[in-house]
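These notes are about the structure you will find just below.
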Amino acid sequence: MALYRWLGRRWTALGLARPYCQSVNAGIDETPEEEDLIEQKRNKSRLRAHHYNSIHHQLPENLSEDEEFAMSLRAQRKRYGEFGAASGINLAKLWPSKEELELEKEWEKVARPHSVQEMISIAKKAKEDEERAIQKRQEELMQKVAKLEGWKKEVRDRIMKQELEAQIAKEKKEKLIEEVRQILGFQIDPKDERFKEALLQKEKEEKKAKKEAKKLARQKRMIERLRQETYPSPTPVKDASGQSETGEGSSISPGSPIV
């Protein structure tokens, strides 16, 4: 501890130590090189200067003649458009040349062959077509919404029909099972092979009976049609006076002698 005190007094005696105010003022009067050094130390990204300026949208340093010669005209135009006259780029050299203007005109002719009025009319026509398509779609939707209740009713009727058919099939199945039980006995197990065979036989007989009934009905319809074609019903033929040939409307009765 005594050594530290001695060194402090020695340092002060030699005039090497500065007061606190002098050290603060000295920090304020730093040179630009020191400020740049401090900024470099603060920058922890380790990016190059132009990359750092590009990311933070800061004004870059003015280009040297070599850099300006090496930089493309497109990049210089972009730089001037971002920073303006502060970029230090001569505006006169950024104007397109005659060759570039001719090339731009040719590109415009190919890319946009229509005039402004033609483009406006095309846009209007496209918009009208789109509106008509939307209107047509809206009308179709309204028609479908109007038919929605009918479709719902059809679906409900179809479901009810399916349920009714399923119920009828179930009742027929139960009836067949009851008939088989009456034949083989009520104590027989439905899983028994004899029960299954008898049930299958019953189903075959029922299908055969239905088929025979359909065949008989078809034969009856055919016989009736042939009878009508062979013996058509006579239609009375009327004469000019409006009376039929059978003497309808006359005072002479059929079968009486004609004088």
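Laboratory data are not the source of any read-out in this text; all were calculated from the coordinates shown. The structure presented is a predicted model; accordingly, all values stated were derived computationally and were not measured. Here the Cβ is made from the backbone with ideal geometry for all residues, glycine too, and neighbour counts use every protein chain on show.
Below 8 Å, C-alpha to C-alpha, sequence gap of six or more: please give me the relative contact order for the stretch 44-164 in percent.
In percent, rounded to a whole number, it is 14.
Tell me which of Met160, Val180, Ala209 sits at the most positive position along the dipole axis of the stretch 149-229, charges placed on C-beta atoms (Lys, Arg +1; Asp, Glu -1).
So the residue furthest toward the plus end is Ala209.
For the stretch 161-166, what does the Karplus curve 6.51 cos²θ - 1.76 cosθ + 1.60, with θ = phi - 60°, yield as ³J(HN,Hα) per residue in whole Hz, taken in order and with x for Gly and Pro?
5, 5, 5, 5, 4, 5
Taking the Cα atoms of the stretch 60-155, what is the range of coordinates along each of the three principal axes, in descending order and whole Å?
86, 33, 19
Debye sum, Cα scatterers, the stretch 149-229, no solvent: what log₁₀ I/I(0) at q = 0.12, 0.26 1/Å?
Debye output, listed in q order: -0.63, -1.13.
Which value, in Å to one decimal place, does the Kirkwood hydrodynamic radius take for the stretch 92-209 when every pair of different Cα atoms is included?
For the stretch 92-209, inverting the mean 1/r across all distinct Cα pairs yields 23.0 Å.
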